[in-house]
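> What follows is a single structure, and I will ask about it in a moment.
The values are calculated or read from the model by the stated rules, or taken from the named source; none is laboratory data. Values in this document were obtained by computation on a predicted structure and should not be read as measured data. Reconstructed Cβ throughout: ideal geometry from the backbone, glycine too, with neighbour counts over all protein chains shown.
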Amino acid sequence: MLLNRMSLRSTAAVGAATLVAGATFAVSAFADDSVDPDMAANAALPDTEETEDTAADSEAGEDSFFAEQLSPEELQILREQAQEERDSARGAGITTAQADGTDIEEEEEEEEEEEPEAPVFSGDPKGIALEMVLAEGWGADQFHGCLEPLWEKESNWNHTAQNPSSGAYGIPQSLPGNKMATHGDDWQTNPATQIAWGIDYIKGRYGTPCGAWAHSQSVGWY
């Protein structure tokens with residue numbers, strides 16, 4: 001009888017320890033799924049009364065079996081261990097949540113770079129042409145010594161000038177005149193549009209106004 005009771009006491013201790021371990025595993029598992037660790041621990045660890053009832057049923061016929069179960073001190077130790085496991089699981093869940101939160105970074109909205117506005121040229125045609133020549137990085141001599149006499153010869157700086165035989169039009173005498181539409185729909189009436197086209201044409205074909213002027217003096221056109 002004594003041996004049986006010692007065996008039962010050992011079995012009860014092992015069972016209680018197993019329940020604690022199961023509770024710990026359940027708490028840890030639920031912690032990763034964002035479940036309240038207290039709820040998980042309570043669900044995994046049966047009440048003491050239910051454990052006692054189960055043990056009593058398995059030892060039917062023994063006299064006063066509850067007197068042979070774990071002592072109050074031993075039960076208190078098991079409860080404290082279970083509480084420590086719950087606290088540890090709760091801390092692990094918070095740490096996981098904090099770690100996950102730090103991984104989420106708001107994407108900074110990229111600011112769209114504003115394209116610089118094209119300079120607006122105004123004034124008389126010769127003044128506009130001088131500004132554009134200087135904006136290209138050329139010296140003033142490229143205007144006064146070359147571009148000014150070149151377009152004086154071509155159109156007398158008249159933005160409505162038209163060659164009756166060839167149809168060339170405007171200050172730079174574009175042939176045909178609608179080529180200047182690449183620089184603006186107002187190519188027929190706006191001197192700035194015509195001059196901008198004429199400078200790009202000279203730069204691409206002759207490099208500088210003086211290069212265009214030298215060609216014009218040599219063959220009569222540019």
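Residues are listed down the side, and each one gets a yes or a no for (1) modelled with pLDDT of 95 or more; (2) over 42 Å from the mean Cα position of the chain (by Cα); (3) not aliphatic (A, V, I, L, M):
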| site | (1), (2), (3) |
| --- | --- |
| ALA118 | no, no, no |
| GLU136 | yes, no, yes |
| LEU150 | yes, yes, no |
| PRO172 | yes, yes, yes |
| LEU175 | yes, yes, no |
| HIS183 | yes, no, yes |
| TYR206 | yes, yes, yes |
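> Assess whether GLY139 counts as being surrounded by fewer than 17 Cβ atoms within 10 Å (Cβ to Cβ) and of a type in the set (Gly, Ala, Ser). Before the answer, list the steps.
On the way: surrounded by fewer than 17 Cβ atoms within 10 Å (Cβ to Cβ): yes; of a type in the set (Gly, Ala, Ser): yes.
Yes, satisfied.
> Can we say PRO164 is of a type outside the set (A, V, I, L, M, F, W, C), assigned to a loop (DSSP other than H, G, I, E, B) and either under 51 Å from the mean Cα position of the chain (by Cα) or surrounded by fewer than 22 Cβ atoms within 10 Å (Cβ to Cβ) (or both)?
Answer is yes for this residue.
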